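Notes follow once the structure below has been shown.
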Amino acid sequence: MNLCPKLRRAIRLSFCAAILTISFPAVAQSPSPVAYTVSLSSPDQHLVEVQIILPAGSAQRELQLPVWNALYQVRDFAQYVNWVRAKDRSGHPLEVREVDKSCWEIEGTKGGAIVEYQIYADAAGPFNAQLNAHHAFFNLAQILMYPVDARSVPLNVRFSHLPEGWHIATVLASSSNEFSAANYDRLVDSPVEIGNFKEADFDESDGHFRVIVDADSADYDMAGIVAALRKIVAAAIGWMNDRPFETYMFIYHFPRGPAGGGMEHAFSTAIDVSADSMKQSLDALTGVTAHEFFHLWNVKRIRPQTLEPIDYTKENYTRALWFSEGVTSAAEGTIRLRAGLLDEKQYLYRLGEQITELERRPAHLTQSAEESSLDAWLEGDSYYHRPDRSVSYYNKGELLGVMLDLAIRDASHGQASLREVLQWMNANYAKKGRFFHDSEGVREAAETVSHADLTSFFTKYVAGTEEIPWNDFFRPVGLRVEAVPAIVADAGFTASRNFDGPMSVNAVTFGSEAERAGLQVGDTIVELQGRAAGRESRQELIRLNPGDTLTVRARSRRGAERELKWKVGIRQEISYEVKNLDQVTEQQRARRAAWLKGEAQSADANSAGIQK
Ligand SMILES: [Zn+2]
């Protein structure tokens with residue numbers, strides 16, 4: 001999935017949360033598993049009916065529906081619960097009492113109980129849950145409540161009333177139509193696609209891979225996708241020297257219209273790429289896929305302590321997203337380079353774009369990478385995305401990953417790199433079932449592999465907001481960053497999207513043509529230049545020339561849609577480009593070659609360089 005005293009800390013401890021804390025370790029003795037049946041009998045109404053069979057246990061049980069999942073945002077899935085009812089094993093109704101908006105208490109459950117509820121699910125994309133006439137895709141945490149005293153016991157799920165011809169794809173263990181998981185966390189880390197999808201399989205690097213595609217067959221070429229996936233998984237597994245799974249599943253949707261994004265899981269990923277973009281090239285698909293696949297290590301297994309245990313009742317605050325997300329983006333670049341899906345020129349060009357994005361946001365001087373991580377929970381709010389309010393932990397985190405890699409190479413004379421940091425964290429945290437302590441844990445790993453004191457790097461650039469001295473980092477690989485002033489087209493507004501959500505205007509330049517045309521902060525951009533607004537709209541805006549007419553279909557906060565037209569203006573802006581130094585030495589060349597491979601320099605090559 002692609003901040004501090006300022007935040008109101010949610011200290012309201014719900015009854016459910018209190019029970020969770022007290023009873024967590026004591027529940028493993030429950031003999032029979034909790035059994036769910038998910039009925040898909042009403043696809044046209046997008047209504048899912050869930051039945052939960054609770055085994056015999058205590059006289060009073062609580063059921064909690066998570067308030068967040070898939071995005072670091074509280075989305076209160078309970079808003080979609082139409083009703084909840086319960087009965088005992090003989091069919092006598094039991095009293096259901098709502099404890100808070102996401103928690104229900106049931107009396108008389110000593111002999112077991114049957115709980116039923118109806119929940120609406122119609123949000124498309126990898127971060128959501130949806131049932132419609134075409135398919136079902138579920139992040140199960142968004143539709144399945146868990147018994148608060150039995151979150152860590154085995155669970156079974158059965159899907160019933162499937163429309164004719166639909167199949168089920170998920171990594172959950174199955175026997176016929178029944179799926180099981182060791183506990184609720186594992187269950188809900190396994191998205192489920194149900195419908196008429198296409199499937200391909202392949203083996204690579206001793207692992208088995210399943211590719212599920214639910215899209216119009218005219219919009220993609222399965223053989224091309226499989227060929228790209230082989231390169232990505234081989235490059236990533238080779239780079240980490242590890243394959244912590246037997247089978248891994250890719251679930252793809254290529255919707256018409258706006259789309260884009262991916263969600264990582266321990267043994268699978270769900271990814272949306274727009275059909276338009278698939279027709280142009282596989283670039284968007286390979287980028288998101290390399291990112292999500294690398295997450296199977298970074299965040300799913302190399303995991304910050306602050307995300308564990310998952311608190312489904314409120315925010316899990318973490319300072320580590322610059323690493324868990326941003327460094328995953330840095331790894332994405334390295335994996336694509338190693339896979340031959342990106343060359344040096346493209347890689348350096350993209351790096352320049354990332355530096356430009358960070359430097360153009362005034363908030364890079366006021367919000368640190370750690371604060372941006374904590375503030376992830378504000379990303380559903382449009383104002384938060386303003387350039388003077390926030391930086392992205394993806395953007396700054398990726399750059400920090402690249403700079404940390406260069407700093408480690410410098411400090412260790414090329415003998416260590418980011419690869420060794422990640423492998424060390426994999427060996428010392430993931431493989432030992434331990435979680436790392438946010439930025440401190442990353443520093444510990446980086447200092448261990450480099451034998452250097454990196455306090456200043458972490459203080460200034462990770463916890464602090466000091467300007468990153470790009471040239472100091474890039475010099476050892478023979479590169480420099482050049483600020484290139486340019487007169488650029490100015491649309492007169494900035495807009496942002498919350499992952500795969502709609503495009504929302506968060507700033508309109510005072511006195512601009514956009515303002516005169518009537519565009520307002522809070523408007524949703526429905527169409528841009530006659531095309532549905534989505535992931536590609538940013539590129540569309542970048543391609544504009546001064547004097548072009550911009551046509552926007554905008555929806556106001558009150559829902560009224562109107563078409564607005566205005567002439568694109570100009571402003572001066574600085575772009576940053578990563579370029580060769582005037583003279584690049586042999587040593588710098590060797591360091592750069594190793595850096596672009598994501599590898600440390602061999603002792604021989606390095607000492608040869610130094611002797612020279
Ligand atoms: Zn991510």
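Using a 10 Å cut-off on Cβ atoms, rank the peptides 486-498, 342-354, 412-424, 557-569 from the highest mean neighbour count down.
Values: 486-498: 18.9, 342-354: 16.1, 412-424: 21.8, 557-569: 13.2.
Ranking the peptides 486-498, 342-354, 412-424, 557-569 by packing returns 412-424, 486-498, 342-354, 557-569.
Averaging the inverse of every distinct alpha carbon separation and then flipping it gives the Kirkwood radius. What is it for the chain, in angstrom units?
Numbers: mean 1/r = 0.0386 Å⁻¹.
Mean inverse Cα-Cα distance, inverted, gives 25.9 Å.
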Query raised in the report: Cross-link partners among lysines for LYS460, C-alpha distance below 21 Å, same-chain residues fewer than 8 apart left out?
Result: LYS6, LYS396
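Where the only charges are on Cβ atoms (+1 Lys, Arg; -1 Asp, Glu), what is the dipole of the chain about its Cα centre, to the nearest 20 debye? Before the final figure, lay out each step's value.
Values: 65 positive and 80 negative charges, 117 e Å.
In debye, rounded to 20, the chain gives about 560.
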Report task. Assuming 1.567 mPa s and 4 °C, estimate D for the range 450-517 with Stokes-Einstein, Rh taken as the Kirkwood radius over Cα pairs, in µm²/s. Result -> 78
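Compute the length gained on full extension between THR509 and ARG475: take 0.36 nm times their separation in residues and subtract their Cα-Cα distance, giving the result in nm to one decimal. List each step's numbers first, then the result.
Values: separation 34, 0.36 × 34 = 12.24 nm, distance 3.78 nm.
My answer for the length gained is 8.5 nm.
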Report task. Determine, for HIS135, HIS364, the number of other Cβ atoms within 10 Å of each Cβ, and report the residues in order from fewest to most. Result -> HIS135, HIS364
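Between SER175 and THR549, what FRET efficiency comes out of the Förster formula 1/(1 + (r/R0)^6) with R0 = 56 Å and r the beta carbon distance, rounded to 0.05?
On the way: r = 61 Å, r/R0 = 1.09.
Using R0 = 56 Å, I get an efficiency of 0.35.
Within 10 Å, count the other beta carbons around each residue, average over each peptide in 584-592, 299-307, and list them highest first.
Working: 584-592: 16.8, 299-307: 20.6.
Descending mean neighbour count gives 299-307, 584-592.
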Report summary line: Between SER41 and GLU246, the two model label points (7 Å from Cα along the beta-carbon direction) sit apart by a distance in nm of 3.6
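Can you sort VAL99, VAL233, VAL327, VAL81 so the residue with the fewest Cβ neighbours within 10 Å comes first?
Working: VAL99 16, VAL233 24, VAL327 27, VAL81 19.
Going from sparsest to densest Cβ surroundings: VAL99, VAL81, VAL233, VAL327.
Pulled fully out, how much extra length does the chain show between GLN572 and ARG516, if you take 0.36 nm times their separation in residues and subtract their Cα-Cα distance?
Values: separation 56, 0.36 × 56 = 20.16 nm, distance 2.08 nm.
Taking 0.36 nm per residue and subtracting the Cα distance, the gain is 18.1 nm.
Go ahead and run the numbers for FRET between ALA182 and HIS134, Cβ-Cβ distance against an R0 of 25 Å, rounding to 0.05.
The pair ALA182/HIS134 has a calculated efficiency of 0.20.
Going from the alpha-carbon gyration tensor of the range 181-299, what semi-axes, largest first and in whole Å, does one get by taking the root of 5 times each eigenvalue?
Values: eigenvalues 98, 59, 35 Å².
Each semi-axis is √(5λ); the values are 22, 17, 13 Å.
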Query - Proximal aspartates and glutamates relative to LYS345, as straight alpha-carbon distance under 20 Å, when same-chain residues fewer than 8 apart are discounted - result: ASP283, GLU332, GLU353, GLU357, GLU398, ASP405, GLU482, GLU577, ASP582, GLU586, GLU599
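Where both partners of a DSSP beta bridge lie in the chain, what percent of those bridges are antiparallel, to the nearest 5?
Values: 95 of 115 bridges.
About 85 percent, rounded to the nearest 5.
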Report task. Multiply the residue gap between GLN51 and LYS432 by 0.36 nm, knock off their C-alpha separation, and tell me the result in nm, one decimal place. Result -> 133.5 nm
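Take every Cα-Cα pair in the range 410-492 and report what % of them are more than 22 Å apart.
Numbers: 1479 of 3403 pairs.
Cα-Cα pairs in the range 410-492 separated by more than 22 Å: 43 percent.
What is the antiparallel percent of DSSP beta bridges lying wholly in the range 189-302, to the nearest 5? It would help to have the intermediate numbers written out before the result.
Details: 11 of 24 bridges.
Taking every DSSP beta bridge within the range 189-302, about 45 percent pair in antiparallel fashion.
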Report summary line: Nearest-0.05 FRET efficiency for SER217 and GLU164 at R0 = 30 Å, using Cβ-Cβ distance, is 0.95
Requested in this report: Check the straight Cα-Cα distances from LYS567 and name the aspartates and glutamates below 17 Å, setting aside those fewer than 8 residues away within the same chain.
Outcome: ASP490, GLU513, GLU515, GLU527, GLU540, ASP548
Requested in this report: Mind jotting down the distance between the C-alpha centroids of the range 228-262 and the range 153-171, whole Å?
Outcome: 23
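Work the Kirkwood hydrodynamic radius out for the range 353-433: mean of 1/r over every pair of different alpha-carbon atoms, inverted, in Å.
Values: mean 1/r = 0.0696 Å⁻¹.
Hydrodynamic radius (Kirkwood, Cα pairs) of the range 353-433 is 14.4 Å.
Only the coordinates and a few stated rules stand behind these numbers; no lab work does. Keep in mind that this is a model prediction, so the values were computed, not measured. Neighbour counts are summed over all protein chains in view; Cβ atoms, including those assigned to glycine, are modelled from backbone coordinates with ideal geometry.
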